[in-house]
């Protein structure tokens, strides 16, 4: 079994090139921030996996020369806390698109099944209630190696999320 924290060579690091977009360090007390294109929320649980997904996402936005405002927020807890915290943040800042990033690794109990279903349904419901497209970037994996593969260089799901975000923003612009 692979230890998630010992796979830095398989995970994605942040590009050091200059970004074409405005990356906002969101102070949650600042109500003045407006016109956000994207908010990315990622959980602190399974942090190295979530940061790799985030880096893949931001690196791709940089590569395709996205211009816009992005706010990134690390939320405490795991995937279960993401929907309720996302709800409050989305309602406060009203972004065009939101990406929610987390990782649920299957254990030896049914907890995985309940958690995966609950989180997925909550994200879907939240998107419908707010009218804000929310990309579900919560990985649900059978083991730690699958998490590393999907979040890392092998499959780079962050890149896929970035391309989906751009397609959604383009569609919203046309609507």
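Quick one: if the Förster radius is 35 Å, what FRET efficiency do residue 175 and residue 118 give, using the C-beta to C-beta distance and rounding to 0.05?
0.70
Please give the contour-minus-distance gain from residue 91 to residue 13: 0.36 nm per residue of separation, less the Cα-Cα distance, rounded to one decimal in nm.
Stretched fully, the residue 91-residue 13 segment lengthens by 25.0 nm.
With the Cα gyration tensor of the stretch 27-155 in hand, give its eigenvalues times 5 under a square root as the equivalent ellipsoid semi-axes, listed largest first in whole angstrom.
24, 18, 12
State, in angstrom, two size descriptors of the stretch 122-175 derived from its alpha carbons: Rg to one decimal place and Dmax to the nearest whole number.
Calculated on Cα positions, Rg and Dmax stand at 13.7, 40 Å.
Roughly what % antiparallel, to the nearest 5, for the DSSP beta bridges in the chain?
Percent antiparallel among DSSP bridges in the chain is about 0.
What is the percent of Cα-Cα separations in the stretch 92-164 that go past 14 Å?
64
Ignoring everything except DSSP H segments at least 4 long, calculate the 222 nm mean residue ellipticity for the chain; use -39,500 (n - 2.57) per segment, divide by total residues, nearest 500.
So the calculated ellipticity at 222 nm is -14000 deg cm²/dmol.
Over the stretch 99-160, what is the mean sequence separation of C-alpha contacts under 8 Å (at least six apart), divided by residue count, expressed as relative contact order in percent?
Relative contact order of the stretch 99-160: 43 percent.
Expressed as a rounded percentage, what relative contact order does the chain have, with Cα pairs under 8 Å and six or more residues apart?
In percent, rounded to a whole number, it is 31.
Treat the count of other C-beta atoms within 10 Å as a stand-in for reagent exposure and order 134, 72 from fewest to most.
By the 10 Å Cβ count, ascending: 72, 134.
Every number here is computed from the coordinates shown, using simple stated rules; none is lab data. Not measured: the values here are computed from a predicted model. Every residue, glycine among them, receives a Cβ derived from its backbone with ideal geometry; neighbour counts consider all protein chains shown.
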